[in-house]
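Since the structure comes first, as structure tokens, the remarks are kept for the end.
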Amino acid sequence: STNARAGVIAIIGRHIDWVEQHPHHAQFLQQARYEPAVAGHSDEIQSRNREFGMAIGLWAKRYVDAGQLRSMPVDIFIALLLGPVSEYAKGRISGRKSSNTVLAKKLLTQSAWCMLGVCEDTLESSV
């Protein structure tokens, strides 16, 4: 991404697009984590989650250092970035009535930016 805001928009938009394009895969991933067969792979899953967290942390650090993103622990950053979009996706794949994807992208990216970005209408730039 060319800047932090574009990156936040791209991450959230891609997540929503992937769920729309692969609803059966998304539903499987949502349900599989509760299956006993998946528990046998918990070490690998934890390792991949750590790698993902490190990659997001490195991406965000570049923009924290540039003054575009607020400084915070990576686990909180990921929760604020992906938590709301994950909830939206869960509702979408479960068949609950949900907003169209254009509106979802707009509102979810605006909200994420307000929580994560350094701009006049956000909180202090560091926690």
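The values are calculated or read from the model by the stated rules, or taken from the named source; none is laboratory data. Values in this document were obtained by computation on a predicted structure and should not be read as measured data. Virtual Cβ from ideal backbone geometry, glycine too; neighbours counted across all protein chains shown. We work out accessible area using only protein heavy atoms, side chains counted, and drop any ligands, DNA or RNA first. Shrake-Rupley method; radii C 1.70, N 1.55, O 1.52, S 1.80 Å.
Things to note:
- In the chain, lysine pairs with alpha-carbon atoms under 20 angstrom apart (chain gap of 8 or more, or interchain): 4
- Per-residue ellipticity at 222 nm from helix content only, as computed over the chain with -39500 (n - 2.57) for each DSSP H run of at least four residues, stands at -24000 deg cm²/dmol.
- Membrane-span-like helices of the chain, defined as complete DSSP H segments with a Cα extent of 20 Å or more along the helix axis and a mean Kyte hydropathy of at least 0.5, are identified as 74-94, 101-116.
- Cleavage-rule hits (GluC sites (Glu not before Pro)) in region 1-73: DSSP loop, at most 13 neighbouring Cβ within 10 angstrom: none
- Averaged over its residues, the chain has an accessible area of 66 Å² per residue, based on protein heavy atoms and a 1.4 Å probe.
- Entry for percent of Cα pairs over 26 Å apart (calculated from the structure that is shown) out of (1) 28; (2) 12; (3) 34: (1)
- Positive minus negative residues near Ser1 (Lys, Arg vs Asp, Glu; Cβ under 13 Å): +3
- Accessible area of the chain belonging to carbon and sulfur atoms, whole % at 1.4 Å probe: 58
- Residue among His15, His24, His41 with the largest mean-square fluctuation in a Gaussian network model of the chain, springs linking Cα atoms under 10 Å: His41
- Dipole magnitude of the chain, debye to nearest 20 (Cβ charges: Lys/Arg +1, Asp/Glu -1, about Cα centre): 340
- Hypothetical label at Trp59: residues of region 80-119 whose amide nitrogen lies under 12 Å (7 Å Cα-Cβ projection): 81-82
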